[in-house]
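We did not get these values from a lab; they are worked out from the coordinates using the rules stated. What you see is a predicted model, and the numbers here were worked out from it, not measured in a lab. For neighbour counting, all protein chains shown are included, and Cβ atoms are generated from backbone atoms with ideal geometry for every residue, glycine included.
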Amino acid sequence: MNRSDYADSKSVQPGAAPGLSVTKYFEKVSGMSENLDKILEKSIEKQSLSDEDLLCLLHSEDEDSLQKIFSAAREVRCREFGDGIFLYGFVYFSTYCRNDCNFCYYRSSNQLPERYRKSREEIIRTAVDLKESGVHLIDLTMGEDDYYLKDGERLAELVSELKAACGIPVMVSPGVVPPALIRRLAEAGADWYALYQETHNRDRFKGLRLHQDYDTRMQAKQAAASCGMLIEEGLLSGIGESAEEVIHSLHIMKEMGVSQGRSMTFVPQQGTPMGGRQQSVFLNELKMIAVLRLYLPDILIPASLDVDGIRGLKERLMSGANVVTSIIPPAKGFAGVANAYQDIDEGFRTVPGVAKILDECGLRRASLEEYAEWIEKRKKRGF
């Protein structure tokens, strides 16, 4: 159907305001398209994007506009990182947690999960296996497990031993821990501190992370940065957030100087207060990945295997991501988070499984030297 066909149609066009003529509607859409092209050109030419620019990107929903946004995000990624993609091994070594977050399967009051706390030997052996398979980093993650947090030296010693055994960068995701322990983790060899705020809307934060303090969580990231660690911040997509809230988060992430920023789709979990909510379409996550790339072009942006498994990887890479996270070895008894066991024992969430998708996207696994060089340069920038 061409424009003249629409002019003869009495149907209301999607997105047209009440009383807006078909001709005026097409003029409006045409103007939006021209504006989008200018915004994307600004990003490609390394110009800053305004709040109005970001609103336009976040409100873009038609297929043509989205494909333009994804294409620009890939161009910016290529400019900043070439065709190399970094791979992260995920070692979720304890699913015990003292917190009772409304959205998390492993919240303390949920009786459904089969909890585990892996031995140090299992953790180190799995990390070494991941390193030998070709990952660039070990993401050492746990719930806020009192076994480690009441004796922080246990965690520091684990990081030190793992770093010595693997010889590659280590990310720690222990939750909110005291500044003294953060300092010990940095001394033990941790390169990254990951701590997701999920949202920077304080009221929404209270509804997600029960009985937790917004500022304490932010201050922990500042403490880690002051110790020389790189920071990963994360947003949860599909929890009712507005475009304005997202823009507020983007500003905060830029001010924080985050080195890695992620957006992940909310997945309803059994046994949680939010378990009955409908899952958001993953298209919102793809758009967020692209907007992150356009607004913060030189940071690392993950494509997580934890939401849609291997089948969702290609779309996330084609949206501008340059890290593949949540690579988990099969048959080791280690879980994921959002979808605890999806694609793990089938062997899909492995380096060979990811490599096939990279080939399809015209991308490659970056070398260990490339990742180490990026880490070194980023640390020299400071917080």
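Once you reduce the range 311-383 and the range 68-86 to the center of their Cα atoms, the two points are 16 Å from each other.
Taking Cβ atoms as reference points and 15 Å as the exclusive limit, the residues near SER133 contribute a net charge of +3, counting Lys and Arg as +1 and Asp and Glu as -1. Annotation: amide H-H contacts under 5 Å for ARG262 (H modelled 1.01 Å from N, sequence separation of 5 or more, or interchain): GLU233, GLY234, LEU235. For ALA303, the residues whose modelled amide H falls within less than 5 Å of its own, excluding neighbours fewer than 5 places apart on the same chain, are ASN322, VAL323, VAL324, THR325. Applying a 4.7 Å cutoff between beta carbons, the unpaired cysteines of the chain are CYS56, CYS78, CYS97, CYS166, CYS227, CYS361. A 20 angstrom limit on the alpha carbon distance is what I want to check against. Which of LYS46/LYS356; LYS221/LYS380; LYS287/LYS314; LYS131/LYS332; LYS42/LYS68; LYS254/LYS380 exceed it? Violating the 20 Å limit, Cα to Cα: LYS46/LYS356. Summing charges over all other residues whose Cβ lies under 9 Å from the Cβ of PHE282, with Lys and Arg as +1 and Asp and Glu as -1, gives -2. Estimated purely from DSSP H runs of n ≥ 4, each contributing -39500 (n - 2.57), the mean residue ellipticity at 222 nm for the chain is -14000 deg cm²/dmol once divided by its residues. By the beta-carbon count within 10 Å of each Cβ, the least crowded to most crowded order of LEU130, LEU55, LEU49, fewest first, is LEU55, LEU49, LEU130. Here the spin labels are modelled as points 7 Å beyond Cα on the Cα-Cβ line, and at ASP215 and GLU370 they lie 4.3 nm apart. The fewest-to-most ranking of ILE327, ILE310 by surrounding Cβ atoms within 10 Å reads ILE310, ILE327. Pairwise inverse Cα distances across the range 53-137, averaged and inverted, put the Kirkwood hydrodynamic radius at 17.3 Å. This model, with +1 at the C-beta of Lys and Arg and -1 at the C-beta of Asp and Glu, gives the chain a dipole about its Cα centre of some 500 debye. When the square roots of the Cα gyration tensor eigenvalues are ordered a ≥ b ≥ c, the ratio a/c for the range 234-316 is 1.5 or more and a/b does not exceed b/c, which makes its shape oblate. Above 34 angstrom, tally the Cα pairs of the chain and express them as a % of all pairs, no decimals. Value for the chain: 28 percent of Cα pairs lie more than 34 Å apart. In terms of overall dimensions, the range 123-218 has a Cα radius of gyration and Dmax of 14.7, 44 angstrom. Residues ARG311, ARG316, arranged from fewest to most other Cβ atoms within 10 angstrom of their Cβ, appear as ARG311, ARG316. Using θ = phi - 60° in the Karplus curve 6.51 cos²θ - 1.76 cosθ + 1.60, the 3J(HN,Hα) couplings for the range 315-325 round to 4, 6, 5, 6, 9, x, 5, 9, 9, 10, 10 Hz; x is entered for Gly and Pro.
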